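Every number here is computed from the coordinates shown, using simple stated rules; none is lab data. The structure presented is a predicted model; accordingly, all values stated were derived computationally and were not measured. Quick reminder, even Gly has a Cβ in these numbers, built from the backbone with ideal geometry, and neighbours come from all protein chains shown.
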Amino acid sequence: MYLVPVGGGRFELYSEPPDDAPPDAHDSPTAGFWRRWLHRLHRRWDDAVRLAARPGSADGWFARVRDRAVCKASESIAEQRTLWSLRHFTEVSLVHPSDLSEAAAGAARDGLLTRARRHHGWWLTIDATLFIASGVFVLIPGPNILAYYFAFRVLGHYFSWRGARQAMDATAWRLTPEPALAELGGLAHVARAARAARVAAIAAELNLPRLAAFFDRTAVPAR
């Protein structure tokens, strides 16, 4: 797990966890009912995301709003995978900027996890209610995209809430300083075009191929 500085005294937790299991494992006879059901829901959601992202696929204002919501939810789910992965571990190594003391790094981590647990717990309640309400759209012909949307939001917030709770209550943390992260923090206020090569080099050095894109999304915008 990485404590990534994104400028303005802010940090984000980051990792690049692999998929929970190969696709075929979810369809095998030995897979549990809920695991198979979740995998089928995941495939339907992937189809919905592909349709929503296709140019000119929406016909009417409702379809356009729906497609924007689906695309936004897809991006949010991708960024929640770090918290999801924390559900499975009782020991985690936190790599933090070397210009940050262990106490400061621990405080930043705890603050992020506390906010995440509160945020995802609140939205879990809201989205579960909306998922139940979306059942009315089953009367409309075609796939119930709204139900898929809220179902995935419910699952995403639940996994994130569980991950944050696990990380706070049952995880032993080992802190490791990293000079490359300290340098990355100094690039947050640099224009993207000017910092791109160095950010990519830092990502390669840390063996985190998706770090550059994450940093560009979360770092303080440079004017």
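If you take every residue apart from Asp216 with its C-beta less than 10 Å away from the C-beta of Asp216, what net charge results, scoring Lys and Arg +1 and Asp and Glu -1?
+3
Under 12 Å from the Cβ of Gly121, count the other residues' Cβ atoms, weight Lys and Arg +1, Asp and Glu -1, and hand me the total.
Net local charge, Gly121 excluded: +4.
For segment 142-202, what is the largest minus smallest coordinate of the Cα atoms on each principal axis, given in angstrom and ordered from greatest to least?
Dimensions of segment 142-202 along the principal axes of its Cα atoms: 47, 38, 17 Å.
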